[in-house]
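Please read the structure below before turning to the comments.
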Amino acid sequence: MHKWTVNEAPEGLKVLISGFQSWSEAKLQPLTARQVAPAYHWQVEQGHDPGFAPSGEAGVWRSHTVLALAREDGSGWVGGALDATRTFVQWEARAQGDHVTVTCRLEGPEVGVLWEETPDVIATLEAHAAQLGSAMHARTPAPLRVWCSWYSYYRAVTLDAMLDNARLAREQGLNFDVFQLDDGFQADLGDWELPSAHFGGHARDLPERLRALGFTPGIWLAPFLASPTSQLFAQHPDWMLRGEDGRPLPVGQNWGGPYYALDTTHPEVLAWLRNLGATVRGWGYTYLKIDFLYGASLPGVRHDPSVGRAEAYRMGIEAFREGAGPDAFILGCGAPLAQSIGVVDAMRTGPDVAPIWDEESRRVWLGDATGPSARNALHTALSRWYQSAWYQPDPDVAICRRELSMLSTPEREAIAGMLDVIGGLRASSDPIALLNDEGLELLRRCLKVSTPDRPVSLSLRGGAAVTHFSRGEFNLTDRPAPDAQGRPLAPHSYREAQK
Ligand code: 9PG
């Protein structure tokens, strides 16, 4: 464990953190504020690292791989890591009276760690991130424009809905590269080759028809999960990650109940994952969204106890990549972030966008800001801007429709602004038939690829996130806030900077 003392009053400092996996919070806060811990254990498993979860104490902030402390003038300290392939790098800043204690714990093989005082926190954090990205051979192919079925059809997606949207997108001249089928086509978690009753076909029937319309076929999988009701679990109960009690470990609550994760230190599991990657490629899919990946990384009892959990995770994604082939485009989701560098092409860098701004009941009353909402997605993806050096960032979908959505015009524009400043993947889930002229115009704007922008300050005036970029400024709070020129910026909105 590394330890440093920062001789500076905690009251004058802000802290920038990045949580464990895609959906975990990243945010900017006064150091003396409280990092909230979720109320329920399943929220910890599904949204945080149970091995290094928020403490819930005021003035104690935990972060994965990187950590920054900033003074009002933008100077401060930045922590980073030189490798994260098989190691979790766990940072903690602790306000203690007139100083701050910073610790860095390594879980896994020893790796180099950086802790640096700097006149420019933004630039130093970007430099550390770039160094880690190049050391781990980051894959950063050109960003793709993706239509994804999830945020309109959810689990009720059908083969016909996919084809109807693809045809309409073609007719409207919408320049998507990829049409991606999400969760709902499969019979059960783990039983990827068996179709669900409602899907109206088999997932392997889709790629050729999407290609005929000019789109790259994409598919969603949660390759490390198995539902207790699946054939996979019935046939291979010995492939599951286990708890100390020897029983399969529940790793979250979605799909109406708990689910298990595969033990990726088991050679048969690795062979099965290689085969799964090769199978979906064989069906004709070259864009693969692999989700709920954190499952393989949780603390538990493994087949090979000599393998640490970061390494176990890495073995799992590498096996899937081997099966899928070097030219498949892999988007990670719900995934430990830095441990995926060099294997994934793109990565979800925040919680799901949803057609609502905020879900206060879960966020405020249950202390869980990892659930789907526009607010949570913006806070986290914006506060991870520097991760474009690690993979193609995916801040999740734009929502351009007015129907089936409670987002206001400024809220939709704020999501569009996020896509522009992050400069990564572009995605939409809107049923094309629901878009009026205004919605189509917004969608066309959201599909315009851009280069990543840079923050110009770490001001908190737009909320507990990085909100002030060179191309424009976000107000993520619920009140009007002054922008850089002192002009009022409406709540939940984005304003482009004057050129
Ligand atoms: C499919 C979805 C989509 C989506 C993924 C992931 O914490 N939660 O309540 C929670 C709900 C949904 C969720 C992630 C977390 O969504 O991010 O794009 O693929 O799975 O089931």
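Laboratory data are not the source of any read-out in this text; all were calculated from the coordinates shown. None of these values were measured; they are calculated from a predicted model. Neighbour counts run over all protein chains shown; Cβ positions are idealised from the backbone, glycine included.
Laid out as a table, the results:
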{"quantity": "Qualifying chymotrypsin sites (Phe, Trp or Tyr not before Pro) in the stretch 162-200, DSSP loop, other Cβ atoms within 10 Å at most 10", "calculated": "none"}
{"quantity": "Karplus (6.51, -1.76, 1.60) ³J(HN,Hα), θ = phi - 60°, over the stretch 228-245, in Hz, Gly and Pro reported as x", "calculated": "x, 8, 7, 5, 4, 5, 4, 7, 9, x, 7, 8, 8, 5, 10, x, 4, 7"}
{"quantity": "Percent RCO, i.e. relative contact order, over the chain, from Cα pairs under 8 Å lying at least 6 residues apart", "calculated": "16"}
{"quantity": "Shape call, the stretch 391-492: gyration tensor on alpha carbons, a/c limit 1.5", "calculated": "oblate"}
{"quantity": "MRE, 222 nm, helices only [DSSP H, n ≥ 4, -39500 (n - 2.57), over the chain, to nearest 500]", "calculated": "-7000 deg cm²/dmol"}
{"quantity": "Relative exposure of Leu460, Leu13, Leu189, judged by other C-beta atoms within 10 Å (fewest first)", "calculated": "Leu460, Leu13, Leu189"}
{"quantity": "Antiparallel content of DSSP bridges confined to the chain, in %, to 5", "calculated": "70"}
{"quantity": "Cα pair count fraction exceeding 16 Å, expressed as % - the stretch 76-164", "calculated": "70"}
{"quantity": "Given the chain, longest segment not containing exposed loop GluC sites (Glu not before Pro) (DSSP; at most 14 other Cβ within 10 Å)", "calculated": "245-402"}
{"quantity": "Inter-label distance for Leu213 and Ala37, nm, one decimal - labels placed 7 Å from Cα along Cα-to-Cβ", "calculated": "4.8"}
{"quantity": "Within-15-Å neighbourhood charge of Ala278 [Cβ basis; K, R +1; D, E -1]", "calculated": "0"}
{"quantity": "Three principal axis lengths of the stretch 282-387 [C-alpha, angstrom, descending]", "calculated": "41, 36, 29"}
{"quantity": "Whichever aspartates and glutamates have a C-alpha closer than 20 Å to that of Lys14, once near sequence neighbours (fewer than 8 apart) are set aside", "calculated": "Glu25, Glu57, Glu72, Asp73, Glu92, Asp98, Glu116, Glu117, Asp120, Glu126, Glu473, Asp483"}
{"quantity": "nm² value of the averaged projected area, convex hull over the Cα atoms of the chain", "calculated": "21.6"}
